Every structure is written in C-alpha cells, then in structure tokens.
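Below you'll find the structure, written out as structure tokens, and then a few comments.
The values are calculated or read from the model by the stated rules, or taken from the named source; none is laboratory data. As the structure is a computational prediction, the values presented were derived from the model and not from experiment. With ideal geometry, Cβ positions are generated from the backbone for all residues, glycine too; neighbour counts draw on all protein chains shown. For accessibility, only protein heavy atoms count, side chains too; no ligands or nucleic acids. Shrake-Rupley method; radii C 1.70, N 1.55, O 1.52, S 1.80 Å.
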Amino acid sequence: KAGVTQTPRYLIKTRGQQVTLSCSPISGHRSVSWYQQTPGQGLQFLFEYFSETQRNKGNFPGRFSGRQFSNSRSEMNVSTLELGDSALYLCASSLEGRVEKLFFGSGTQLSVL
Amino acid sequence: GESVGLHLPTLSVQEGDNSIINCAYSNSASDYFIWYKQESGKGPQFIIDIRSNMDKRQGQRVTVLLNKTVKHLSLQIAATQPGDSAVYFCAENSVRGQNFVFGPGTRLSVLP
C-alpha cells in the first residue's frame, strides 16, 4: 500500500506570492491533517479535513486554508506569503481522524525569500 | 537539508547500549500517546503507541512506559543501532481532543 504522498518536495517563493501544496493520503484513509514544522515552534497543527469538510482548525491566520476532494486528496494554500511561513509542511492521514495513528508524508519544504 | 529543530535536547549513546527518551505531556485528559521517529529530510514515522489504560507496551526493540500520575512518557530503545539516530517526538491526544499535540522532540545520536 502506498504511503502518504506530498508534492512538490521543495518550493521557493517570494514574499507576497501564494502557494498550493498537495497531499494524497493512504488509500482508504478519509482524514487528512496538516502540520507546520519549524525549528523554533516544532510541529504545529494547521487543520484537519474529513469527508471534504474542515473538522478542526489550529491557531493560524486566515492566509492558511485548505480543502479536501471527494477522493480524500487534500490541498493547502497559503496566500500573501511571509518570510515566517518558511517551514516544512507535513500532511498526515488516518482512517477516521479521531484518536488513532497518524501516518505522515515526507513533507513539502517551503522557503520564502 | 535538516528539517527539525537546531536546539533540541540531545541524547548521545554508544552503539549497543539502551536508550531512554523522556517526554512530559501537558494535558491530564490525554489518553492516547504515540512516539514518532523523524530522520533528516523525512516525515515522522510511527514507532509505537499506548493508551491510558496501559502503563507499558512493548514492540520490537522498543518499550513505551506511561506514568499518568506525573504525566510522563518514556521510550526505551534496546541495543541502540546507528540507524536509530533521529529526532524522536511524543504526541498526545484524547477522546475529547481535536488534534495531536507534539512535544518538542529529542535528538538521539548513536556513537560508534
């Protein structure tokens, strides 16, 4: 069974631009969560989607958004990029998204110049 | 390149020795815990989990201990190998929780 796939692997953007990251969960998994990882803050929860609906949201500004498609694939979007958005963005999937194992992808490394 | 914290607590152990990595969790209502391993350039990889109705769980070369009284979790790795070098995170959640909360991580360095 293929694992969680994230694309692209690396991205370089400039301040003010927007970016879209993609995540394909493990087959059969219906919940997709997104995390931001930085050296200073560690792993911070962004949001979680289940059955195309955002079920939970972390404490991030509205510039961070996401969506989930009917095949459970998910995208997250960051608009008006800031230097502080430079981070590793991790996607994780699970069967139902409650108190169960999360399986992570390798992440998208975003650099904002 | 390196994708995790540059100022993490570091545990250095000799190859073949046992390693113990500790984690203090914050929420007394947390009842599900996971240990993850993250190697450079990769996402966190599931190692072992434990629910609050247990205080010990064993896997292959790994054991997780849970002390709910002091809100402490530990990961023991037996006969540590060079391939165990990575950053280790604990994560907590609860049946009422909305998402996993991750600890800051510990870098394990295995010395030859």
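A few notes on this one:
- Solvent-accessible area per residue in chain B equals 51 Å², computed with a 1.4 angstrom probe and all protein chains kept.
- Built amide H within the under 5 Å cut-off of A:E52, gap 5+: none
- When the C-alpha to C-alpha distance is required to be over 24 Å, the pairs from A:K13/B:K37; A:K1/A:K57; A:K57/B:K68; A:K1/B:K56; A:K101/B:K37 that qualify are A:K13/B:K37; A:K1/A:K57; A:K57/B:K68; A:K1/B:K56.
- Length gained when the stretch A:T5-A:Q41 is fully extended (0.36 nm per residue, less Cα-Cα span): 10.6 nm
- Estimated inter-spin distance, B:R57 and B:S74, nm [label 7 Å along Cα→Cβ]: 1.8 nm
- Sorting A:103-110, A:38-45 by average packing, meaning the other beta carbons within 10 Å per residue, from highest down gives A:103-110, A:38-45.
- In chain B the Cα-Cα distances spread across 5 Å bins starting at 0 as 2, 12, 23, 24, 19, 12, 5, 1, 0 percent of all pairs.
- Interface size B-A, as summed buried accessible area [1.4 Å probe, Å², nearest 100]: 1700 Å²
- 5 angstrom amide H check on B:L11, placed H, neighbours 5+ away: B:R107, B:L108, B:S109
- Average beta-carbon neighbours from other chains, 10 Å sphere, peptide A:96-108: 5
- Ligands, DNA and RNA left out, the accessible area of chain A computed with a 1.4 Å probe is 48% carbon and sulfur.
- Applying a DSSP loop filter and a limit of 10 other Cβ atoms within 10 Å to the trypsin sites (Lys or Arg not before Pro) in region A:1-105 leaves A:K1.
- Separation of region B:10-25 from region A:40-64 is 31 Å, based on Cα centroids.
- Hull volume in cubic angstrom per residue (convex hull over the Cα atoms of region A:11-110): 93 Å³
- Centre-to-centre separation between the Cα atoms of region B:45-112 and those of region A:84-109: 18 Å.
- Cut-off under 5 Å, modelled amide H: who pairs with A:T5 long-range: A:S24
- Relative contact order for chain B, counting Cα pairs under 8 Å that sit 6 or more residues apart, in percent: 36 percent
- Residues B:F46 and A:R73, FRET efficiency given R0 of 22 Å [Cβ-Cβ distance, rounded to 0.05]: 0.55
- Residue-wise HN-Hα coupling along region A:69-76, computed from phi with Karplus coefficients 6.51, -1.76, 1.60 (Hz; x: Gly, Pro): 9, 5, 8, 6, 4, 9, 10, 10
- Distance in nm between pseudo-label sites at B:S28 and B:L111 (7 Å out along the Cβ direction from Cα): 4.0 nm
- Residue-wise HN-Hα coupling along region A:39-44, computed from phi with Karplus coefficients 6.51, -1.76, 1.60 (Hz; x: Gly, Pro): x, x, 10, x, 8, 10
- Dividing the mean sequence gap of close Cα pairs (under 8 Å, 6+ apart) by how many residues region A:14-113 holds gives a relative contact order of 34 percent.
- 3J(HN,Hα) along region B:26-43: 9, 9, 5, 8, 5, 9, 9, 9, 10, 9, 10, 10, 10, 8, 4, x, 10, x Hz, from the Karplus curve 6.51 cos²θ - 1.76 cosθ + 1.60 with θ = phi - 60°, whole Hz, x for Gly and Pro.
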